[in-house]
Amino acid sequence: MTDRMRRLLLGTALSLSLAAPLATTALAAEVARPWMDTKLSPDQRADLLNKELTLDERIGLVHGPMAMPFLGAKLPEGAIGSAGYIPGVPRLGIPALQESDASLGVANPMNVRPGDPSTALPSGLSLASTWNPETAYKGGAMIGKEAHAKGLNVLLAGGVNLARDPRNGRNFEYLGEDPLLAGTLGGESIRGIQDQNVVSTIKHFAVNDQETQRMTIDVKIGEAAARESDLLAFQIAIEKGKPGSVMCAYNKVNGAYACDNPFLLNKVLKTDWAYPGWVMSDWGAVHGVEAAVNGLDQESGEQIDALLAPGGAGKVWFNEPLKAAIQDKTVPAERLSDMTRRILRSMFAAGLFDNPAAKASIDFDAHAQVTKAAGTEGIVLLKNKGDVLPLATKGKTITVIGGFANAGVLSGGGSSQVVSDGGPGASIPLGGDGMMGPFRTVVYHASSPLKAIRAKAGEKAVRFNDGSYPAEAAAVAKTTNVAIVFATQWMSEGADAPDLSLPNGQDALIAAVAAANPNTIVVLETGGPVHMPWLDKVAGVVEAWYPGSRGGEAIADILFGDANPSGRLPITFPADDSQLLHKDIPGADKPEFSPAEITYTEGADIGYRRYAKTGAKPLFPFGYGLSYSHFSYGDVKVTGGDTLTVSFEVTNTGKRPGQDVPQVYLTNAAGTKTQRLIGWSKVALAPGEKKRVTVTADTRLLGSFDEAAHAWQVKAGEYQVAVGASATDLDLKGGAAVKASTRQP
Ligand code: BGC
């Protein structure tokens with residue numbers, strides 16, 4: 001019996017058992033389920049199924065509650081439990097959507113699925129630091145596999161909002177400040193997820209770049225600037241990853257809520273980019289039925305819309321109100337049909353009908369290796385004076401200080417929080433006001449760096465001090481050859497950092513230890529850039545970000561040279577507060593849910609591009625990172641024509657095998673000075689080995705978006721590039737003539 005026959009028979013049995021006596025024609029239609037023919041395209045299958053839906057079934061597919069007991073609601077019947085739930089249509093064999101957060105692993109909010117842990121990947125900034133699309137794909141595939149084995153079929157993943165402000169509380173979930181880097185890695189991780197027959201979102205569309213007043217802030221940005229920056233990251237990731245769903249954001253964009261924004265949803269996404277999937281709202285981001293007309297296809301976490309709207313004006317909008325609007329034709333029936341068609345199309349495309357998610361066992365040991373490899377590759381070596389690193393495993397004594405290094409490694413807070421399979425090493429309920437108050441718990445994944453360091457250097461050679469008292473820590477540090485201070489900065493969804501200092505007096509701790517021991521190494525576990533007033537006093541700095549559920553072992557492998565650092569910064573570290581675009585984050589002075597506004601005066605010049613314009617010197621530039629090897633670049637060749645192609649040689653001039661990330665920046669576009677990353681390569685090289693690397697520019701990065709012509713335009717002229725090890729280390733130069741061209745938006 002073929003698969004197809006089996007499904008048709010199953011369809012028959014199901015329909016017969018569910019249905020009362022049926023007219024022969026109706027029976028024939030139900031029995032056939034022609035949309036289950038896998039030879040048809042997702043579009044054909046969606047069309048066939050979509051026309052079978054009744055009005056009530058359609059309404060049922062376009063809204064749903066949270067799938068956890070929250071804000072007085074119970075776990076909905078049929079929901080496995082996680083972020084959201086959309087009931088299916090058993091009559092037609094449409095599975096329910098079981099939606100889970102999964103920016104960094106499959107979440108389990110409020111322990112709604114007791115005893116159901118997952119593998120926690122390193123933070124998004126750690127992934128972006130790998131500059132490695134393959135690592136992004138593997139991480140996505142791992143998350144997708146775990147979700148499928150838990151019966152979850154939609155992952156709320158793919159955060160590609162750009163880091164416009166280093167204080168943004170969710171930078172750790174995202175992929176840095178550059179649209180090409182974020183779009184490329186975001187796309188690969190989405191592709192990895194969806195290859196496991198699970199839908200992935202991309203989120204939060206768009207310009208949701210700060211947490212302060214995230215539900216109310218109105219972001220003012222020009223069209224060209226948006227298309228060349230934040231929107232470009234989405235566009236590239238959508239092209240590469242083809243996510244089944246786009247999650248629109250909480251904030252307003254140029255006056256209209258992002259989930260009720262015809263420019264963003266109908267024009268940019270669905271018309272210009274011909275996006276075929278569905279737009280789901282963020283949880284509590286819908287403000288009225290007209291959002292359907294403006295491009296929203298599904299209301300998620302609906303009880304938040306009903307409960308949190310100011311003045312009690314909220315409702316579940318896509319239930320009765322939408323039905324009434326369809327009946328009185330204020331929302332056209334074709335729009336509702338398009339909404340469900342888009343949902344079904346993505347479900348078919350990702351394989352939700354053909355290979356439904358179902359309980360299965362998870363190979364946590366194999367997945368531990370995936371997260372450990374990613375965590376190791378994401379670590380960025382920022383300073384290594386006198387080659388203090390890597391440490392010798394024998395003959396040296398070490399004091400490990402602070403950062404709960406005895407318990408585990410830090411993770412970021414909010415909806416992306418993963419309950420990891422090793423259990424929490426420590427869990428500290430901070431609490432706090434506002435919508436995210438109940439979620440404000442600091443969690444350390446149980447992968448202790450102290451334990452991993454002791455495993456390499458020996459129990460007796462390693463002392464530990466918790467770092468509570470700087471003078472005491474310094475006194476212990478004095479007794480050993482090396483001191484390693486673990487410094488943490490907890491960041492979370494729902495709040496931005498008020499400043500970039502290390503909290504809880506850790507700057508003073510590091511200064512005291514560094515004064516006592518010249519071989520002081522600082523290991524940072526931060527959500528983003530921090531200030532380092534002690535930088536000149538310490539010998540080494542390692543940025544480990546939030547390194548995932550095997551992060552302790554990853555850090556130890558870097559410290560002792562079992563792995564050669566190959567991470568490069570995906571975000572600029574400012575030298576001081578004067579380099580921040582806004583002294584205070586707009587809206588920070590008002591209570592949550594107050595109206596607020598921010599104007600992106602920097603336009604598309606985010607991060608290193610703005611530093612290049614102003615000439616300001618950062619603490620550490622975008623693209624920067626050291627290795628235990630050394631690399632040199634030479635013989636650059638640039639060819640022009642329709643686009644730029646840049647090739648050059650990379651040589652490992654050091655003594656260890658290692659990976660380098662040479663970067664290619666556009667520095668002059670037909671007479672206009674600029675700086676834009678147009679490509680890079682992650683190259684593995686043995687000592688003495690040389691490889692030629694070739695990078696071809698996406699023409700959107702050479703040109704600009706012309707609002708009047710409604711197209712990307714590349715001007716004819718001479719284009720200059722520089723190849724280097726970071727955005728400010730650019731010595732190899734070249735150029736070529738590029739032809740004029742136009743590309744549709
Ligand atoms: C977050 C989303 C998340 C959703 C569901 C929202 O508060 O902004 O990223 O997917 O909650 O948990």
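The values are calculated or read from the model by the stated rules, or taken from the named source; none is laboratory data. Computed from a prediction, not measured in an experiment: that's the story for all the values here. FYI the Cβ positions are ideal-geometry reconstructions off the backbone, even for glycines, and counts take in every protein chain you see. When the accessible area is computed, the model is the full protein with side chains, heavy atoms only, and any ligands, DNA or RNA have been set aside. Shrake-Rupley method; radii C 1.70, N 1.55, O 1.52, S 1.80 Å.
Report yes if some residue within segment 429-444 is at pLDDT 95 or above and among the small types (Gly, Ala, Ser); otherwise report no. No, segment 429-444 has no match at all.
Going through segment 86-113 one residue at a time, which ones are assigned to a helix (DSSP H, G or I), within 16 Å of the ligand (Cβ to nearest atom) and out of contact with any strand residue (DSSP E or B) (no Cβ under 8 Å at 6 or more places or on another chain)? Those that are assigned to a helix (DSSP H, G or I), within 16 Å of the ligand (Cβ to nearest atom) and out of contact with any strand residue (DSSP E or B) (no Cβ under 8 Å at 6 or more places or on another chain): 110, 111. Each residue in segment 715-745 was checked for being open to solvent by less than 10 Å² (accessible area, probe 1.4 Å) and touching a helix residue (DSSP H, G or I) at 6+ places or on another chain (Cβ under 8 Å), and 3 pass.
The residues of segment 114-141 that are open to solvent by less than 10 Å² (accessible area, probe 1.4 Å), away from the ligand (no atom under 15 Å from the Cβ), assigned to a helix (DSSP H, G or I) and farther than 22 Å from residue 85 by Cα, listed by number, are 125, 126, 128, 129, 130, 136, 139.
Does residue 371 satisfy the condition of being open to solvent by 10 Å² or more (accessible area, probe 1.4 Å) and either under 30 Å from residue 42 (Cα atoms) or out of contact with any His (no Cβ under 7 Å at 6 or more places or on another chain) (or both)? Taking the combined requirement at face value, the residue does not satisfy it. Exactly one residue out of 75, 104 is buried (at least 21 other Cβ atoms within 10 Å of the Cβ) and either within 13 Å of residue 156 (Cβ to Cβ) or in contact (Cβ under 8 Å) with a residue 24 or more places away in the chain (or both), and it is 104. Within the set 197, 208, the sole residue that is open to solvent by 20 Å² or more (accessible area, probe 1.4 Å) and either polar (S, T, N, Q) or more than 24 Å from residue 598 (Cβ to Cβ) (or both) turns out to be 197. Residues in segment 157-178 that are touching a strand residue (DSSP E or B) at 6+ places or on another chain (Cβ under 9 Å) and over 21 Å from residue 217 (Cβ atoms): 157, 158, 175, 178.
Among the residues of this structure, residue 646 counts as one that is of a type in the set (A, V, I, L, M, F, W, C) and more than 24 Å from the chain's Cα centre (by Cα). Sub-6 Å Cβ pairs linking a first residue in segment 642-656 that is outside the structural domain of residue 712 (by the TED database) and assigned to a strand (DSSP E or B) to a second residue that is of a type in the set (Lys, Arg) and crowded, with 17+ Cβ neighbours inside 10 Å, at least 6 apart or interchain, number zero.
If the condition is being within 16 Å of the ligand (Cβ to nearest atom) and part of a loop (DSSP other than H, G, I, E, B), then segment 280-296 contributes 282, 283, 284, 285, 286, 287, 296. Residues of segment 234-257 include at least one that is in contact with a Ser or Thr (Cβ under 8 Å, 6 or more places away or on another chain), more than 15 Å from the ligand (Cβ to nearest atom), β-branched (Val, Ile, Thr) and open to solvent by less than 10 Å² (accessible area, probe 1.4 Å). Looking only at segment 300-321, count how many residues are away from the ligand (no atom under 15 Å from the Cβ) and outside any loop (DSSP other than H, G, I, E, B). Residues meeting the conditions: 6. In segment 266-279, the residue that is nearest to residue 337 (Cα to Cα) out of those that are assigned to a loop (DSSP other than H, G, I, E, B) and of a type in the set (A, V, I, L, M, F, W, C) is 274. Candidates in segment 324-365 are the residues that are without any contact (Cβ under 8 Å) to a residue 60 or more places away in the chain and of a type in the set (Asp, Glu); of these, the one that is farthest from residue 118 (Cα to Cα) is 328.
Within segment 612-634, residues that are without any contact (Cβ under 8 Å) to a residue 24 or more places away in the chain reach partners that are open to solvent by 40 Å² or more (accessible area, probe 1.4 Å) with beta carbons closer than 8 Å, at six or more positions or on different chains, in the pairs 632/653.
Look through 516, 471 and report the one residue that is surrounded by fewer than 21 Cβ atoms within 10 Å (Cβ to Cβ), touching a Lys or Arg at 6+ places or on another chain (Cβ under 9 Å) and farther than 22 Å from residue 123 by Cα. Result: 516 is the single residue among 516, 471 that is surrounded by fewer than 21 Cβ atoms within 10 Å (Cβ to Cβ), touching a Lys or Arg at 6+ places or on another chain (Cβ under 9 Å) and farther than 22 Å from residue 123 by Cα. Among residues that are aliphatic (A, V, I, L, M), closer than 26 Å to residue 663 by Cα and within 13 Å of the ligand (Cβ to nearest atom), residue 160 is included.
The single residue among 6, 33 that is open to solvent by 30 Å² or more (accessible area, probe 1.4 Å) and either at pLDDT 50 or above or of a type outside the set (Val, Ile, Thr) (or both) turns out to be 6. When residue 172 is tested against the conditions (1) aromatic (Phe, Trp, Tyr); (2) open to solvent by 10 Å² or more (accessible area, probe 1.4 Å); (3) over 24 Å from residue 242 (Cβ atoms), the lone failure is (2).
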